[in-house]
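Have a look at the structure below, then the notes.
The values are calculated or read from the model by the stated rules, or taken from the named source; none is laboratory data. Worth saying up front: this structure is predicted, and the values here are computed from it rather than measured. Every residue, glycine among them, receives a Cβ derived from its backbone with ideal geometry; neighbour counts consider all protein chains shown. The area values use the complete protein model at the heavy-atom level, side chains included, leaving out ligands, DNA and RNA. Shrake-Rupley method; radii C 1.70, N 1.55, O 1.52, S 1.80 Å.
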Amino acid sequence: MEQKKIQDRDMQYIIGNLLRYGVWTALSVAAVGGIVYLLRHETERIHYQTFIEHDVNIFQLVANTVKGLVKAEGKAIILLGILLLFLTPILRICFSLIAFFFEKDYLYVGITLLVIAIICCSIFFGFGH
Amino acid sequence: MTVLTFTLIMFLGALCAGFVGSLSGLGGGVVIIPLLTVLLHVDIHYAIGAALVSVIATSSGSAAAYVKEGITNMRLGMFLEIATTAGAVGGALLSAIAPAPFIAILFGFALIFSAINSLRKKEEHHVEVSSDLALKLKLPSTYPTPSGLMAYGTKNVLGGFSMMALAGVLSGLLGIGSGAFKVIAMDNIMKIPFKVSTTTSNFMMGVTATASCVIYLQKGYIEPGICMPVVIGVLLGAMTGAKILVKVNPKKLRIFFAVVIIGLAFNMIYNGIVDNI
């Protein structure tokens, strides 16, 4: 019992830090991207009144982002920041999975896997129809 | 409007939204959507995308502190995330086919509900005996209080789970954290102490929002040019709000902001009905 308590504590500490630094890293990247974007496009006109739906799957999107990053495009750097922001909670779940596994709490290993599966479904449902 | 003007207006608007969201306890995401759609005539899909990205930032940022203090019940959060993520995926898929005026009207009603709920007097629940299912799922836990660790029980697991699924659908459909609905599920239905339910709700928002955001991203809701000023502005505004919240008595402020927010909500509903969204 004593052993388990200590491990829960460690988990809280690591997850707390993960969330904090994840958010700050993501937002710093997005801010840099924002500055680059503004410097290059400040006088352009915006066109956000009408929504243009486009189905791009996430793998394609990551590939496009990498291409844009090579050219140092502002929007690509912002998108990298946003992707890092999405990764923060995902990493948190992956870390919980490992922690529950080490605590031998197999019920929660199963629950965590189920949540991961649902998020994977959202990647699958999000494109191609 | 040029990119520079739009970005500056957005940034200032997001700062205010984060500030008001944090003081009123409703979250910055719900305030930014009316601002974007009603005032700046941005399409509601882009507004939802930007708002939900900012929800991930603010909720993860504030969850970090509570997790470290051991107030957040991580097992409870993890278990209920099954319901919220499944709901969020459904909600995000619905938002792609739902017409914009419908989303605006539903958003208005959710906003009015949350604002009124934020004014309701909170009664502290404390149950000692837990239901069998709660025990099996190891949901009862302890949280730190000034007089040492306090143990609490949990009830109505299935009821809370269903309410969480609804919270997830609303989050994915409307681009909000739907904290008010999450807290109702834990506080009113599962009888979990208020401090634990608010912090655990915050903890769950990041994962729930990410589940819908992945869909939003692939459908093109997430426009970097809008997200950047919104996310940074909302987070800075929320941090400022949190600092002020410690110093002032929030009761009067809450009533004031709730009235402002209900006004915004009626505006959204009106614009949805006359098809101006």
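The table that follows gives values for the structure above.
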item: Calculated over segment B:127-184: convex hull of Cα atoms, volume per residue (Å³); result: 96
item: Stokes-Einstein translational diffusion, segment B:1-66 - Kirkwood Rh over all Cα pairs, 1.306 mPa s, 10 °C, in µm²/s; result: 130
item: Exercise: per-residue mean of other protein chain Cβ atoms within 10 Å, B:132-140; result: 1
item: Angstrom value of the Kirkwood radius, inverse mean 1/r, which spans all Cα pairs in segment B:19-144; result: 17.2
item: Student exercise, segment A:1-109 dipole from Lys, Arg, Asp, Glu Cβ charges, in Debye to nearest 20; result: 200
item: Kirkwood-Stokes translational diffusion coefficient of chain A, alpha-carbon pairs, 10 °C, 1.306 mPa s, µm²/s; result: 91
item: Cα-Cα over 27 Å, subset of B:Lys138/B:Lys219; B:Lys121/B:Lys191; B:Lys195/B:Lys219; result: B:Lys138/B:Lys219; B:Lys195/B:Lys219
item: Exposure ranking of B:Lys251, B:Lys182 by accessible area [1.4 Å probe, largest first]; result: B:Lys251, B:Lys182
item: Averaged over A:108-120, number of beta-carbon atoms from partner chains that fall within 10 Å; result: 5
item: Computed Rg/Rh of chain B, alpha carbon atoms with Kirkwood Rh; result: 0.97
item: Number of partner chain Cβ atoms within 10 Å, mean per residue of A:39-52; result: 6
item: Sites B:Arg120 and B:Asn276, calculated FRET efficiency, Cβ-Cβ separation with R0 35 Å, nearest 0.05; result: 0.65
item: Degrees separating the helix A:106-125 axis from the principal Cα axis of chain A, which is the longest one; result: 20
item: Length released on extending from A:Asp8 to A:Thr50, taking residue separation times 0.36 nm less the Cα-Cα span; result: 10.3 nm
item: Gyration tensor (Cα) of segment B:133-277, equivalent ellipsoid semi-axes in angstrom; result: 30, 22, 17
item: Long-range tail of P(r) for the protein assembly as shown (Cα pairs > 33 Å, %); result: 27
item: Order by protection proxy (mean Cβ within 10 Å, highest first), peptides B:116-125, B:15-24, A:107-116; result: B:15-24, A:107-116, B:116-125
item: In sequence order, calculated HN-Hα J values of segment A:26-37 (Karplus, 6.51, -1.76, 1.60; Hz; x Gly/Pro); result: 4, 6, 5, 4, 4, 5, 4, x, x, 5, 4, 4
item: B:Ala151 versus A:Cys121: modelled label distance in nm, points set 7 Å from Cα along the beta carbon direction; result: 3.6
